[in-house]
Amino acid sequence: MRDRIKIAVEAAFRQIVAEEVQQGLSFAGHQVSVPKQESHGDYASNLALVMASVIKISPRELATRLADRLSKHHHFERIEVAGPGFLNFFIARNWWQENLYDMKRAGAAYGESDTGQGMRVLLEFVSANPTGPLHVGHGRGAAVGDSLARLLKAAGYRPETEYYINDVGNQMNTLGRSVYLRYIEHLGRKIDFPKECYQGGYIKDIAADIASREGKRYLDKPLEECIPYFTKVAVEKISAGIRRDLEDFGVRFDNWFSERTLHVTGLVEETIAELQQKGLIYEKDGALWFRSTEFGDEKDRVVKRSSGVLTYFAADIAYHRHKLERNYDLLVDIWGADHHGYVPRVKAAIKALGHSAEKLKVLLIQLVNLLEAGKIKAMSTRAGEFVTLREVLDDVGKDAARFIFLTRKCDSPLDFDLDLARSQTQENPVYYVQYAHARLASVFRKAMEQGVAIVPPEEVDVGLLREPEEIRLLKALEAFPRVVSDSAKALEPHRISYYLTELAAQLHGYYTRYRFIGEDAALTQARLLLADVIKQVFNKGLGLLGVSAPERM
């Protein structure tokens, strides 16, 4: 309806203005929105305010003329001119009622659109270093990325998901060294375990596994000879654990991309050479520097140290070049908030490679404060005191974890209350929404028990849905495709959880006041059709979040 109003208002304006004025008309500032107060109508247009100067009359006079032209439209119960020139539209009740047929007909596809027009999007997220298991912060990034992929697909985009494996560099050597030291300790040697090494118990587990298979084979070999093997085994085991945790979390990637590939194929050196040819790499103090300040960064960045060692940034430039060469229309990187300073330099690299900086969108995932009994749990990967995603999954389950991760915008800090997530009360946000779906499922079980046969939708008299709460539910259902589309465009999956929570509140309120199955057979059929579509929307919305829609609770 919002789109219909926008088209109708702009068409009415074209009829009012002179033919010579119509050439090159732009309605860029025209917005159709939902008023905050129900008394102000279902939708409001600001076109008279933004276009009155074109025909040199007051916005209120233009709004009055537009209202006169639009008043005969059968979908509008009435149109009011408000304030300095807003057009407030009150939609005819029968339109809301009859729209229920279309929603039911759309079935599981209801909420989907062609907004994205087949645009190819690469979503890269999680990409945690294979130096330890995933913690709850990674879980939030995983939930955001995976739900975004589901949303984008529903909105007509063609998303692909990718995990970038940082399997090169000092951190890998530190990992191998950490496991080796625990290995010789496991075999009885006393060691002074360095603070800079990885401290977690998982390092000891990997070391013990190697000792059980290899015995003392590496006990007396030089550390430098041992590190490659210990690193390889550790990366394989940790990566396998990461994949398992993600799969149990409902996240599966289309691509797993190894940083090592960039070096083995020579793409990093090749990319530096290309930038050198463009005059964007210079030498200083024996190191190679990228002129990132020419593209908006605060300072130039080193890509190769004086020692000849390539920096992580050099690999990141090559990686994003590789992404761009795969011809995606949009790249979306989902990083931890501590990487915010990295955004300008990567955008600078993209511009240096000849692309628009708008080709890259970066979402920053703020910290998760994990609470239990009102206290915050510590999370430090190297110190080994972190709470893993696996622990949270085993404790509260996939559904609660994913939904709670998606209750707030990703760049806002999130308090994850374990006690609340475990509870089966209406204060638990996922329980509140899932219970709404289960309640509707129970309505249909009850109808079956009472021998109420569900008639085809076209035989249902939707005009019987006259209660104010029913009309509000119909309006909420009608908004669902717009919510999905807008969430995809804004890259904000939390909008879906917010929408579902609001819909659940309306449903629970309605359920306590009205009976779906009553003595009036025709009204029962109308309310069952309404219940069916609400249930359908809950199922779809929860699916977009990667959360199940239980039939019983």
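For the range 347-358, the count of residues that are open to solvent by 30 Å² or more (accessible area, probe 1.4 Å), basic (Lys, Arg) and modelled with pLDDT of 95 or more is nonzero.
State yes or no: is Thr271 surrounded by fewer than 17 Cβ atoms within 10 Å (Cβ to Cβ), of a type in the set (S, T, N, Q) and out of contact with any Gly (no Cβ under 6 Å at 6 or more places or on another chain)? So Thr271 fails the test. Checking each residue in the range 297-328 for being at positive phi and more than 24 Å from the chain's Cα centre (by Cα) picks out only Gly308. Taking the range 253-298 as the range and being closer than 28 Å to Val121 by Cβ, of a type in the set (Val, Ile, Thr) and part of a strand (DSSP E or B) as the test, no residue passes.
Restricting the range 209-220 to residues that are surrounded by fewer than 19 Cβ atoms within 10 Å (Cβ to Cβ) and assigned to a helix (DSSP H, G or I), which is nearest to the chain's Cα centre (by Cα)? Filtering first and then ranking leaves Asp209. Selection of strands (runs of 3 or more DSSP E) fully inside the range 317-373 by the criterion of at least 3 residues being touching a Pro at 6+ places or on another chain (Cβ under 8 Å) and either closer than 20 Å to Gly296 by Cα or among the hydroxyl-bearing types (Ser, Thr, Tyr) (or both) returns nothing.
Restricting attention to the range 521-543, the residues that are within 19 Å of Tyr431 (Cβ to Cβ) and open to solvent by less than 10 Å² (accessible area, probe 1.4 Å) total 5. Right, Arg69: out of contact with any helix residue (DSSP H, G or I) (no Cβ under 6 Å at 6 or more places or on another chain), basic (Lys, Arg) and surrounded by 13 or more Cβ atoms within 10 Å (Cβ to Cβ) or not? For Arg69, the condition - out of contact with any helix residue (DSSP H, G or I) (no Cβ under 6 Å at 6 or more places or on another chain), basic (Lys, Arg) and surrounded by 13 or more Cβ atoms within 10 Å (Cβ to Cβ) - is not met. Selection over the range 322-341 of residues that are closer than 24 Å to Lys489 by Cα, of a type outside the set (A, V, I, L, M, F, W, C) and touching a residue at least 12 places away in the same chain (Cβ under 8 Å) gives a count of 9.
Considering only the range 43-59, I want to know if a residue exists there that is under 30 Å from Asp461 (Cβ atoms), at pLDDT 95 or above, buried (at least 18 other Cβ atoms within 10 Å of the Cβ) and touching a helix residue (DSSP H, G or I) at 6+ places or on another chain (Cβ under 9 Å). Yes, the range 43-59 contains a residue that is under 30 Å from Asp461 (Cβ atoms), at pLDDT 95 or above, buried (at least 18 other Cβ atoms within 10 Å of the Cβ) and touching a helix residue (DSSP H, G or I) at 6+ places or on another chain (Cβ under 9 Å). Among the residues here, Gln15 qualifies as open to solvent by 90 Å² or more (accessible area, probe 1.4 Å) and either closer than 24 Å to Lys56 by Cα or among the charged types (D, E, K, R) (or both). Checked against the criteria, Ile79 does not count as surrounded by 21 or more Cβ atoms within 10 Å (Cβ to Cβ), closer than 29 Å to Val462 by Cα, out of contact with any helix residue (DSSP H, G or I) (no Cβ under 7 Å at 6 or more places or on another chain) and of a type in the set (Val, Ile, Thr). Among residues of the range 412-431 being in a helix (DSSP H, G or I) and in contact with a strand residue (DSSP E or B) (Cβ under 8 Å, 6 or more places away or on another chain), the one that is nearest to Lys377 (Cα to Cα) is Leu418.
Yes/no matrix, rows are residues, columns are (1) of a type in the set (Lys, Arg); (2) touching a helix residue (DSSP H, G or I) at 6+ places or on another chain (Cβ under 9 Å); (3) outside any helix (DSSP H, G or I); (4) more than 20 Å from Ile165 (Cα to Cα):
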site	(1), (2), (3), (4)
Ile203	no, yes, no, no
Ala207	no, yes, no, yes
Cys226	no, yes, no, yes
Lys237	yes, yes, no, no
Ala240	no, no, no, no
Arg243	yes, no, no, no
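A single member of Arg445, Arg482 is under 30 Å from Lys153 (Cα atoms) and out of contact with any Gly (no Cβ under 9 Å at 6 or more places or on another chain), and it is Arg482.
The values are calculated or read from the model by the stated rules, or taken from the named source; none is laboratory data. What you are looking at is a predicted structure, and each value in this text was computed from that prediction instead of being measured. Heads up, the Cβs are rebuilt from the backbone with ideal geometry, glycines too, and the neighbour counts pull from every protein chain shown. The accessibility values were calculated without ligands, DNA or RNA, using every heavy atom of the protein model including side chains. Shrake-Rupley method; radii C 1.70, N 1.55, O 1.52, S 1.80 Å.
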